[in-house]
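What follows is calculated from the coordinates using simple rules that are stated; it is not laboratory data. Small disclaimer: the values here were computed from a predicted structure and weren't measured. As a convention, Cβ positions derive from the backbone with ideal geometry for all residues, glycine included, and neighbour counts pool all protein chains shown.
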Amino acid sequence: MVGTSSVEVKCTKCGNVYEAQVIDHVDMSQDFETAKALKTGKVNRTQCSKCKKVMFLDRGVVINFEPDPLIVVFDPSAKSSGAQAELKQSYDNIVRFNETLQEVGEEVQFKVVTDLEQLKGLIDEYVKKYK
Ligand SMILES: [Zn+2]
């Protein structure tokens, strides 16, 4: 299952504000294709409805590595420890509103990954194990 939400995006080229569907939660076991796209670091691609400019949104994605007890938030912009603490906070909020995550939330390891190479490593490891 892929969790999406719609956000307002402001085009960096023409200033047009439009709504875009973004992925904020990916389940490795159920949505492997999106998981693979994560390896490129460019999963949230949007296109301006007016001038057609393509943008990649700089936002975190929650990745569930089930059946491994690991949940990763991938956010390249969260370099500081303050930003990572903030992510942990928003993760807690996501868990609170997601039944599946709520069930496993107690015993899983939560990790903030900011480095794409590190994320690739985790995905490759998972693929070797389960796919
Ligand atoms: Zn535009």
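So for the chain: antiparallel DSSP bridges make up what percent, rounded to the nearest 5? Taking every DSSP beta bridge within the chain, about 65 percent pair in antiparallel fashion.
Against the chain, whose longest principal axis comes from its Cα atoms, helix 81-97 is set at around 80 degrees.
Approximating the spin labels as points 7 Å out from Cα along Cα→Cβ, the Cys14-to-Ser29 distance works out to 4.5 nm. Against the chain, whose longest principal axis is taken from its Cα atoms, helix 116-130 shows a tilt of about 50°. Highest GNM mean-square fluctuation among Val22, Val108, Val72, for the chain modelled with Cα contacts below 10 Å: Val108. Here the stretch 32-64 is scanned for amide nitrogen atoms under 19 Å from the site 7 Å beyond the Cα of Glu117 along Cα-to-Cβ, giving 38-42. Cross-link reach is defined here as a Cα-Cα straight distance under 23 Å, omitting same-chain residues fewer than 8 places apart; for Lys52 the lysines meeting it are Lys10, Lys13, Lys42. Using the average count of surrounding beta-carbon atoms within 10 Å as a protection proxy, the listed peptides 50-60, 112-122 rank, highest first, as 112-122, 50-60.
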